[in-house]
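First the structure, in the form of structure tokens, and then the observations on it.
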């Protein structure tokens, strides 16, 4: 799941200041789950913007809508008229949705209402934790089901550093588990710790962000 948090209200207010008709557009998938950009959050933000405008004597129309996903073209059909009639779209989607909305509607001003964080999982109500960095070449199978790229603060592939104390990472000993402690504990529990004797080759970072924007083409899925 892609996680995100809402930008500070002052930053949002400054972004939309030049525009007299603003569409606050939510996304019904990832950012709904992490309670940042779903229908409920759209309603709260739109109401807050209207209240702020009223207090300032600012005349502005704030329209609200939420679609299933902002990363798939077909879902924009339901809000086509609303987008085209707005001076600006305040997208409460992840960075993918914000950019894609601008691609689908090249004449629209699309602004980000969220700060996109990471690929994560839900630990408990209101708590999300990063699990994947999208590096493009998954090595989890060599590490007992724990990703050293993401879970180790230094992305080490051939054993831990010396900064771990009592199973916690030196980056934040209170909240961050040492990724390599997790790997060793899990592989020991599974009886496969001897696999860690294999020396891992240098990581090919070209499959991740270092290689530029990624692209997947499935010929069997093309029409």
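Of all residues in segment 49-86, which are closer than 15 Å to residue 17 by Cα, out of contact with any strand residue (DSSP E or B) (no Cβ under 6 Å at 6 or more places or on another chain), surrounded by 15 or more Cβ atoms within 10 Å (Cβ to Cβ) and touching a residue at least 24 places away in the same chain (Cβ under 8 Å)?
Across segment 49-86, the qualifying residues are 52, 60.
Hey, does segment 16-28 have a residue that's part of a loop (DSSP other than H, G, I, E, B), touching a helix residue (DSSP H, G or I) at 6+ places or on another chain (Cβ under 8 Å), assigned by TED's automatic domain parsing to the domain that holds residue 86 and surrounded by fewer than 20 Cβ atoms within 10 Å (Cβ to Cβ)? Let's see the steps before the verdict.
First, pick out the residues of segment 16-28 that are part of a loop (DSSP other than H, G, I, E, B): 17-20, 28.
Narrowing the set further to residues that are touching a helix residue (DSSP H, G or I) at 6+ places or on another chain (Cβ under 8 Å) leaves 28.
Restricting the remaining residues to those that are assigned by TED's automatic domain parsing to the domain that holds residue 86 gives 28.
Now narrow it down to the ones that are surrounded by fewer than 20 Cβ atoms within 10 Å (Cβ to Cβ): 28.
Checking segment 16-28: at least one residue is part of a loop (DSSP other than H, G, I, E, B), touching a helix residue (DSSP H, G or I) at 6+ places or on another chain (Cβ under 8 Å), assigned by TED's automatic domain parsing to the domain that holds residue 86 and surrounded by fewer than 20 Cβ atoms within 10 Å (Cβ to Cβ).
Would you check which residues across segment 116-142 are within 23 Å of residue 37 (Cβ to Cβ) and without any contact (Cβ under 8 Å) to a residue 12 or more places away in the chain and list them?
123, 124, 125, 127, 129
Go through segment 172-199 and give me each residue that's within 18 Å of residue 150 (Cβ to Cβ) and either outside the structural domain of residue 143 (by TED's automatic domain parsing) or surrounded by fewer than 13 Cβ atoms within 10 Å (Cβ to Cβ) (or both).
Answer for segment 172-199, where residues must be within 18 Å of residue 150 (Cβ to Cβ) and either outside the structural domain of residue 143 (by TED's automatic domain parsing) or surrounded by fewer than 13 Cβ atoms within 10 Å (Cβ to Cβ) (or both): 172, 175.
Could you tell me whether residue 175 is at pLDDT below 95 and either closer than 26 Å to residue 208 by Cβ or in a loop (DSSP other than H, G, I, E, B) (or both)?
Judged against the criteria, residue 175 is a match.
It is to be established whether one or more residues within segment 143-154 are free of Cβ contacts under 8 Å to residues at least 40 places away in the same chain, loosely packed, with under 10 Cβ neighbours inside 10 Å and outside the structural domain of residue 100 (by TED's automatic domain parsing). Full working, then the answer.
Taking segment 143-154 and keeping what is free of Cβ contacts under 8 Å to residues at least 40 places away in the same chain, we get 147-148, 150-154.
Applying the additional criterion that residues be loosely packed, with under 10 Cβ neighbours inside 10 Å yields none.
No: zero hits.
The values are calculated or read from the model by the stated rules, or taken from the named source; none is laboratory data. All of these numbers come straight from a predicted model, not from anything done at the bench. Reconstructed Cβ throughout: ideal geometry from the backbone, glycine too, with neighbour counts over all protein chains shown.
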